[in-house]
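So the structure is just underneath, and the comments pick up after that.
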Amino acid sequence: RGDSARRGRQQGEITLLRDAWVAVEGGKIAAVGQGQPVPEAGDTLLDAGGRLMTPGLVDAHTHLIFGGFRPDEFGWRLRGESYMSIMERGGGIQSTVNATREASEDELVEKAQWFIDRMSEMGVTTVEAKSGYGLDSDTELKMLNAIERLACKTGQRAEVVATFLGAHAVPREYAGRTGEYVDLIINEMLPRFKGKAKCCDVFCEKNVFELEDSRRLLEAAAAMGYSLKLHADEIVTLGGGELSASLGALSADHLLHVSDEGVKAMAEAGVVATLLPLTAFALKEPYAPARKFIEAGAAVALATDLNPGSCFSGSIPLTIALACIYMKMTVEETITALTLNGAAALGMADRIGSIEPGKRGDFVMLGCDNYNVLPYYVGMNCVKTTIFDGRIVAENP
Ligand code: NIG
Ligand code: FE
């Protein structure tokens with residue numbers, strides 16, 4: 001329950017209703033009750049058969065639009081090369097940029113739809129999608145247009161929310177001229193994409209966009225009406241957590257190496273900590289300090305970070321298992337992280353993320369009546385039915 005992020009101890013307090021029913025009208029939740037429902041003539045009934053139902057899941061951080069794939073890079077990393085050293089020699093994000101510039105908008109849409117369909121089967125009803133593999137104005141626009149087409153498709157299986165991430169890397173044309181690239185984003189891209197993307201994000205990292213460039217960019221974005229997000233303290237401790245707090249960002253994400261001051265500042269400023277355990281796992285890095293955030297009174301969201309480089313996985317089941325087993329989150333905190341707090345990380349907690357009248361009719365029906373199955377059945381999908389906007393959009397055997 002709630003229409004804003006649940007923080008601190010409240011994150012683990014969820015309401016479990018037994019013998020419950022939900023009425024949905026015009027895609028929205030009209031009423032929630034317990035006992036025998038009294039259907040009206042013309043109502044369609046769906047019997048959950050005693051199964052557990054949660055709010056639809058929110059994946060608040062993905063890069064699901066991209067050209068090409070990078071399996072060779074994964075092999076290099078297994079042999080000991082680091083993510084940043086591959087990026088510094090022109091691989092990594094830049095290699096996906098080359099492939100994305102080549103790809104047509106249709107190709108991008110078709111490829112992303114495949115990922116959305118798989119995520120829908122795992123219970124996702126709202127998914128964030130970032131641009132950031134164009135790094136020039138026209139290709140960034142092509143990515144945002146692809147996201148818009150996915151969002152507007154009739155019969156769509158999930159809401160798709162666009163984030164502009166022009167500051168994902170410094171493109172090779174601007175090598176050594178980071179400030180000039182930031183100028184280009186501020187003067188040309190941000191005004192051009194206003195209305196196409198709700199949030200503006202930046203890869204705030206040593207040797208990519210450092211604190212001053214990130215601040216300058218995000219302040220300009222905020223002045224144009226974008227909500228703010230940051231890839232913060234992912235590879236080294238830089239102060240991204242503190243920066244997100246001082247800017248009043250919606251969320252700071254990754255945070256594997258956040259400082260204690262950063263945790264405290266984010267808790268005080270109400271910035272959602274969006275943690276991405278699949279990325280830590282795939283990069284063999286330490287997990288983000290989820291308990292520190294919760295104990296400091298902050299709100300934690302969980303997301304997949306699906307992308308072709310650092311984390312080629314959109315697995316919600318594995319995200320849940322890693323969060324519970326390695327980040328020591330309780331199952332209840334994990335459920336909040338993937339529903340209401342994910343919604344808050346997108347500035348949407350007043351519309352989705354809980355089962356209450358007025359919210360969109362987004363639900364996940366599990367295959368059984370016990371939510372502990374979510375981390376217990378490690379890496380396996382225990383979703384039976386996904387309902388988006390009052391419609392059944394995925395049914396698993
Ligand atoms: O969230 N760190 C920057 N961005 C992505 C990775 C993108 C890529 O490697 O293609 C991330 O980890
Ligand atoms: Fe990311």
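The values are calculated or read from the model by the stated rules, or taken from the named source; none is laboratory data. The shown structure was predicted, so the numbers you read here are calculated from the model rather than taken from an experiment. Neighbour counts are summed over all protein chains in view; Cβ atoms, including those assigned to glycine, are modelled from backbone coordinates with ideal geometry.
When THR96, THR54 are checked against the criterion of being within 21 Å of the chain's Cα centre (by Cα) and within 16 Å of ligand 2 (Cβ to nearest atom), THR96 stands alone in meeting it.
Cβ-Cβ contacts under 8 Å between residues 6 or more apart (or on different chains), taken from a first residue in the stretch 288-315 that is among the charged types (D, E, K, R) to a second residue that is within 12 Å of ligand 2 (Cβ to nearest atom) and part of a loop (DSSP other than H, G, I, E, B), are listed as ASP305/HIS61; ASP305/THR62; ASP305/HIS63; ASP305/LEU276; ASP305/CYS311. For the stretch 126-183, the set of residues classified as of a type in the set (Gly, Ala, Ser), buried (at least 22 other Cβ atoms within 10 Å of the Cβ) and touching a strand residue (DSSP E or B) at 6+ places or on another chain (Cβ under 7 Å) consists of ALA129, SER131, GLY132, ALA158, ALA162, ALA167, ALA169, listed by residue number.
Reported count of residues in the stretch 288-309, each being out of contact with any Phe, Trp or Tyr (no Cβ under 6 Å at 6 or more places or on another chain) and within 16 Å of ligand 1 (Cβ to nearest atom), is 9.
Only one entry of GLY49, GLY90, GLY68 meets the criterion of being away from ligand 1 (no atom under 16 Å from the Cβ) and on the phi > 0 side of the Ramachandran plot, and that entry is GLY49. Mind checking whether some residue in the stretch 194-213 is of a type in the set (Gly, Ala, Ser) and assigned to a helix (DSSP H, G or I)? Checked against the condition, which is being of a type in the set (Gly, Ala, Ser) and assigned to a helix (DSSP H, G or I), the stretch 194-213 yields no hits at all. Output yes when any residue across the stretch 49-67 is surrounded by fewer than 21 Cβ atoms within 10 Å (Cβ to Cβ) and modelled with pLDDT under 95, and no when none is. Among the residues of the stretch 49-67, at least one is surrounded by fewer than 21 Cβ atoms within 10 Å (Cβ to Cβ) and modelled with pLDDT under 95, which makes the answer yes. I'm trying to understand the selection: among the residues of the stretch 325-338, which are part of a helix (DSSP H, G or I) and either under 16 Å from the mean Cα position of the chain (by Cα) or under 16 Å from GLY8 (Cα atoms) (or both)? Within the stretch 325-338, VAL331, GLU332, GLU333, THR334, ILE335, THR336, ALA337, LEU338 meet the criteria.
The numbered conditions (1) farther than 21 Å from VAL58 by Cβ; (2) more than 16 Å from ligand 1 (Cβ to nearest atom); (3) buried (at least 18 other Cβ atoms within 10 Å of the Cβ) are all true for ALA282 except (2). Residues considered: PRO397, PRO357. Of these, the only one that is modelled with pLDDT under 95 and either surrounded by fewer than 18 Cβ atoms within 10 Å (Cβ to Cβ) or assigned to a loop (DSSP other than H, G, I, E, B) (or both) is PRO397.
The residues of the stretch 163-184 that are within 16 Å of ligand 1 (Cβ to nearest atom) and hydrophobic (A, V, I, L, M, F, W, C), listed by number, are PHE164, LEU165, ALA167, ALA169, VAL170. Within the stretch 119-167, the set of residues being in a loop (DSSP other than H, G, I, E, B) and closer than 13 Å to ILE65 by Cβ comprises SER131, GLY132, TYR133, GLY134.
Restricting attention to the stretch 273-300, which residues are within 15 Å of ligand 2 (Cβ to nearest atom), among the hydrophobic types (A, V, I, L, M, F, W, C) and either more than 20 Å from the chain's Cα centre (by Cα) or modelled with pLDDT of 95 or more (or both)?
Residues satisfying the conditions are ALA273, LEU275, LEU276, LEU278, ALA280, PHE281, ALA282, ALA288.
Of the residues in the stretch 212-238, how many are within 16 Å of ligand 1 (Cβ to nearest atom), more than 18 Å from GLY132 (Cα to Cα) and of a type outside the set (Ser, Thr, Tyr)? Residues in the stretch 212-238 being within 16 Å of ligand 1 (Cβ to nearest atom), more than 18 Å from GLY132 (Cα to Cα) and of a type outside the set (Ser, Thr, Tyr): 4 in total.
Could you tell me whether ARG101 is modelled with pLDDT of 95 or more, within 16 Å of ligand 1 (Cβ to nearest atom) and in a helix (DSSP H, G or I)? In short, yes. Filtering the stretch 174-204 down to residues that are in contact (Cβ under 8 Å) with a residue 24 or more places away in the chain and among the acidic types (Asp, Glu), which residue is nearest to ligand 2 (Cβ to nearest atom)? Once the filter is applied, the top-ranked residue is ASP201.
Every residue, every condition in (1) within 16 Å of ligand 2 (Cβ to nearest atom); (2) part of a loop (DSSP other than H, G, I, E, B); (3) farther than 24 Å from GLY367 by Cα, yes or no:
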{"position": "ALA23", "(1), (2), (3)": "no, no, no"}
{"position": "GLY33", "(1), (2), (3)": "no, no, no"}
{"position": "GLY42", "(1), (2), (3)": "no, yes, yes"}
{"position": "ARG77", "(1), (2), (3)": "no, no, yes"}
{"position": "ASP117", "(1), (2), (3)": "no, no, no"}
